[in-house]
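A short worksheet on the structure shown next.
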């Protein structure tokens with residue numbers, strides 16, 4: 001029997017005994033694991049209603065299970081991270097897909113990227129509208145074009161050419177998001193989704209995974225910032241800034257103040273510290289999030305997995321929606337600092 005760590009409602013943990021494969025089965029089975037995030041920011045304990053906290057944890061659990069099921073059945077890390085992110089894009093709780101925030105023009109401009117650590121192939125889209133699952137479009141850019149990054153009208157034209165349905169703007173309307181926009185509408189102000197509102201919905205979503213073949217992948221998706229102008233693009237669709245995966249080192253998905261993650265090339269920086277300086281996954285991620293990012297004024301966090309299945313989820317904010325699930329029996333879903 002083994003112990004699985006599961007968070008209680010008060011963000012503590014209780015342990016549950018469960019049956020795991022026999023020793024012989026374990027020898028034949030390679031480790032696989034997945035981690036997800038739903039944004040980082042001013043998540044002050046006690047400021048969120050019990051009902052909303054339960055809803056977030058259920059949404060995270062659903063996304064985790066969706067990705068884990070693919071890995072458990074021998075599927076690829078790429079398919080697992082896409083599926084986990086899609087589940088969060090389909091939830092109005094997160095600032096991605098259906099829950100995306102409003103721009104200054106009252107529209108929804110979404111960004112996403114995905115990367116395969118096995119061959120360093122990647123796909124990304126930015127400022128796309130009407131796409132239910134931008135992460136899938138990013139993956140299709142990787143699979144069906146010779147490009148990495150498509151933007152705006154061009155990305156939509158590509159989506160239509162391969163059969164994507166363009167959703168009506170009403171699909172993306174959420175009353176809480178609308179009220180956030182109303183507070184900033186007709187001003188020059190904008191709001192990073194993970195800041196200011198203690199009881200609102202927060203930030204970017206992402207996933208990283210290791211599959212049974214030993215390959216890793218990362219995926220990130222976001223609706224950007226409320227009342228943004230001029231086609232602003234954050235770190236989420238930028239390979240190396242918000243997303244990175246390399247079988248030599250790790251897979252990373254970031255969330256936070258995008259401009260700083262771009263300037264610090266944060267996702268790649270974790271990989272570089274591992275490859276060139278010999279740091280462990282935890283050491284590299286901690287160096288980047290708890291030191292280098294803070295030194296340039298940035299806040300946020302990231303999730304990362306290495307080729308051994310180690311997971312780390314550091315953040316320098318008050319909280320980060322996050323979870324992980326591993327074939328060695330570990331399950332964790334958390335919001336606040338433990």
Margin query: I'd like the full set of residues that are outside any loop (DSSP other than H, G, I, E, B) and either in contact (Cβ under 8 Å) with a residue 60 or more places away in the chain or crowded, with 20+ Cβ neighbours inside 10 Å (or both), limited to the stretch 228-259.
Written below: 239, 243, 244, 245, 250, 251, 252, 253, 254, 255, 256, 258
Notebook entry, point to check: Quick one: is residue 265 surrounded by 22 or more Cβ atoms within 10 Å (Cβ to Cβ) and within 18 Å of the chain's Cα centre (by Cα)?
Noted result: no
Check: Does the stretch 117-139 contain at least one residue that is surrounded by 23 or more Cβ atoms within 10 Å (Cβ to Cβ), closer than 18 Å to residue 161 by Cβ, touching a helix residue (DSSP H, G or I) at 6+ places or on another chain (Cβ under 8 Å) and without any contact (Cβ under 8 Å) to a residue 24 or more places away in the chain?
Finding: no
Next item on the list: May I ask you to verify whether residue 296 is surrounded by fewer than 22 Cβ atoms within 10 Å (Cβ to Cβ), touching a helix residue (DSSP H, G or I) at 6+ places or on another chain (Cβ under 8 Å) and modelled with pLDDT of 95 or more?
Entry: yes
Check: How many residues, within the stretch 299-310, are buried (at least 23 other Cβ atoms within 10 Å of the Cβ) and either without any contact (Cβ under 8 Å) to a residue 40 or more places away in the chain or touching a helix residue (DSSP H, G or I) at 6+ places or on another chain (Cβ under 8 Å) (or both)?
Finding: 6
Checklist line | Criterion: farther than 23 Å from residue 304 by Cα, modelled with pLDDT of 70 or more and over 21 Å from the mean Cα position of the chain (by Cα) - qualifying residue of 167, 185, 143 | finding: 167
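The values are calculated or read from the model by the stated rules, or taken from the named source; none is laboratory data. Note that this is a predicted model, so its numbers are computed, not measured. Neighbour counts are summed over all protein chains in view; Cβ atoms, including those assigned to glycine, are modelled from backbone coordinates with ideal geometry.
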